[in-house]
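**Q** First, the structure itself, so that you have it in front of you.
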Amino acid sequence: MIKRILTGDRPTGPLHLGHYVGSLQNRIRLQKEYDTYLLIADIQALTDNFEHPEKLEANVFEVALDYLAVGLDPEKVKIVVQSMVPELTELTIYFMNLVTVATLERNPTLKEEIKQKNFTKGLPVGFYTYPISQASDITIFKAHLVPVGEDQLPMIEQAREIVRRFNRTYDKVLIEPKALVGQVARLPGTDGGAKMGKSLGNCIYLGDSPDVVRKRVMSMYTDPTRLHPTDPGHVEGNPVFTYHDVFNPDKAEIEDLKERYRKGTVGDVEVKEKLFKALNVFLEPIRERRAHFASKPGHVREIIVEGTRKGRAVAQETMGEVRTAMKISYKLQG
Ligand code: ATP
Ligand code: MG
């Protein structure tokens, strides 16, 4: 049996460099080996954007464009829109019985995100329970592998717990998924924050034009203790060098820059100029493919509709098994 991958992204904006190294790279590499489902998680995006539902539709399209732009092949992967698979919502409700409030309270990512989002009108139950909904996303597709960034590990752990509990309580229907973290577990933001994130305004997007990339790189946070280019600087924990390490293939250039930075014989501008160049080389082919697909919106919509149709068929099959296992597959019509 060919194994499955399920992973996804919230349509809260286009995808960024963190997505690439955290998850997309693994998806591209594994798309030939695994039956791959990519969920555009619009219901999850609503949990903290419910007052701005108008953001979703355009971003569903943007995220799909990014998938195609990085080389995910629509002949191989299925792009699935979460709200168009209502079975996911049903499974979430059943899973809610298998999770305690205390478990959610302990979830470190959830705690961090709740703090960050600063819900002034109170914490919505929908947001609080998104790990349960995410467990449905993963398990309804019977995924074996989930390529994600490090921030999502507690969510995969939560899904594994639910699967064990479901299989023990009802019947062995669901598969315990494994997380696969990317080359960079958590890419920092351009503001020096621990994570580049769509909702944090500290991103370089995969579709950004050279001008925009240049501006974002030039305004990047570096070493706050270094006031002049002649001051010895810190390389560790400096996001400009983290990005160099990840995206600049010229290792000798990086070593030279690091050495001079530590000694205080290179300015931020030169380090950033070289980073901009490297990023641009990396982003150019992505940008080109993105423009190509963006010029055929009808074709992209067909890809999404077809992916969702195939995804829903899998979800319906799993739900048949789930209802039978839970003894709620009633035969009321004789
Ligand atoms: P939002 O701020 O709206 O939550 P996001 O940038 O965190 O957006 P998601 O759609 O929540 O993006 O995450 C999609 C996937 O990308 C997840 O697997 C997540 O772990 C991964 N990812 C997101 N940001 C990073 C990052 N900075 N480094 C590594 N992986 C990341
Ligand atoms: Mg996120």
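**Q** Compute the Rg/Rh shape ratio of region 101-224: radius of gyration over Kirkwood radius, all on alpha-carbon atoms. Kindly include the intermediate steps, with their values, before the conclusion.
**A** Numbers: Rg = 17.8 Å, Rh = 16.8 Å.
Taking Rh as the inverse mean 1/r over Cα pairs, Rg/Rh reads 1.06.
**Q** Same structure again: Once phi is turned into θ = phi - 60°, what whole-Hz ³J(HN,Hα) does the Karplus curve with 6.51, -1.76 and 1.60 give for every residue of region 229-235, x standing for Gly and Pro?
**A** 3J(HN,Hα) across region 229-235, in whole Hz: x, 8, 6, x, x, 9, 9.
**Q** Specify which residue in the list N202, V85, I28 is farthest towards the positive end of the charge dipole of the chain, using unit charges on the beta carbon of Lys, Arg (+1) and Asp, Glu (-1), about the Cα centre.
**A** About the Cα centre, the residue reaching furthest to the positive side is V85.
**Q** With charges set only on the Cβ (+1 for Lys and Arg, -1 for Asp and Glu), what does the dipole of the chain come to about its Cα centre, in debye to the nearest 20?
**A** The dipole magnitude comes to about 780 debye.
**Q** Specify the angular offset, from 0 to 90 degrees and rounded to the nearest 10, of the alpha carbon long axis of helix 268-294 from the longest principal axis of the alpha carbons in the chain.
**A** Approximately 40 degrees, to the nearest 10.
**Q** Amide H to amide H, which residues 5 or more places from L39 or on other chains are under 5 Å from it, using H placed in the peptide plane?
**A** T7, G8, D9, V80
**Q** Using a Cα-Cα cut-off of under 14 Å, which aspartates and glutamates could be cross-linked to K251, ignoring same-chain neighbours fewer than 8 residues away?
**A** Of all the aspartates and glutamates, those that pass the test against K251 - Cα under 14 Å, at least 8 places apart if same chain - are E259.
**Q** Still on this structure, I have one more. If you restrict to DSSP beta bridges whose two residues both lie in the chain, what percentage is antiparallel, to the nearest 5? Present the calculation step by step, with values, prior to reporting the outcome.
**A** Numbers: 1 of 17 bridges.
Rounded to the nearest five, the antiparallel share is 5 percent.
**Q** If I take all pairs of Cα atoms in region 207-290, what percentage of them are more than 16 Å from each other? Don't skip to the answer; put the middle values down first.
**A** On the way: 1735 of 3486 pairs.
Within region 207-290, distances greater than 16 Å cover 50 percent of Cα pairs.
**Q** What is the set of long-range amide H partners of H16 at a cut-off below 5 Å, with H atoms built 1.01 Å from backbone N?
**A** Answer set, sorted by chain and number: L206.
**Q** Now for a different question. Rounded if a/c is under 1.5, else prolate if a/b is larger than b/c, else oblate: which is region 254-310, with a ≥ b ≥ c the root eigenvalues of its Cα gyration tensor? Before the final figure, lay out each step's value.
**A** Working: a/c = 6.17, a/b = 3.65, b/c = 1.69.
It comes out prolate by the Cα gyration axes.
**Q** Round to the nearest 10 and give me the degree value, 0 to 90, for the angle of helix 87-96's Cα axis relative to the longest principal axis of the chain.
**A** Helix 87-96 and the main axis of the chain meet at about 90 degrees.
**Q** Show me, for region 76-85, the HN-Hα J-couplings you get by feeding each phi into the Karplus relation (A = 6.51, B = -1.76, C = 1.60, θ = phi - 60°), rounded to Hz, glycine and proline as x.
**A** Coupling constants for region 76-85: 10, 9, 10, 8, 10, 8, 3, 5, 8, 10 Hz.
**Q** Below 20 Å, Cα to Cα, which lysines can K198 reach? Residues fewer than 8 away in the same chain don't count.
**A** List returned: K55, K111, K115, K117, K215.
**Q** Roughly how many debye, to the nearest 20, is the charge dipole of region 207-290 about its Cα centre, given +1 on each Lys and Arg Cβ, -1 on each Asp and Glu Cβ, and no other charges? Provide the component values of the computation, followed by the final result.
**A** Details: 15 positive and 16 negative charges, 46 e Å.
The calculated dipole for region 207-290 is roughly 220 debye.
**Q** With the cut-off at 33 Å, report for the chain the share of all Cα pairs above it, as a whole percent. Provide the component values of the computation, followed by the final result.
**A** Numbers: 17882 of 55611 pairs.
I get 32 percent for the Cα pairs in the chain exceeding 33 Å.
Every read-out reported here was derived from the displayed coordinates using simple, explicitly stated rules and does not represent laboratory data. All values derive from a computational prediction rather than experimental measurement. Counting neighbours? That spans all protein chains shown, and the Cβs are built from the backbone with ideal geometry, glycine included.
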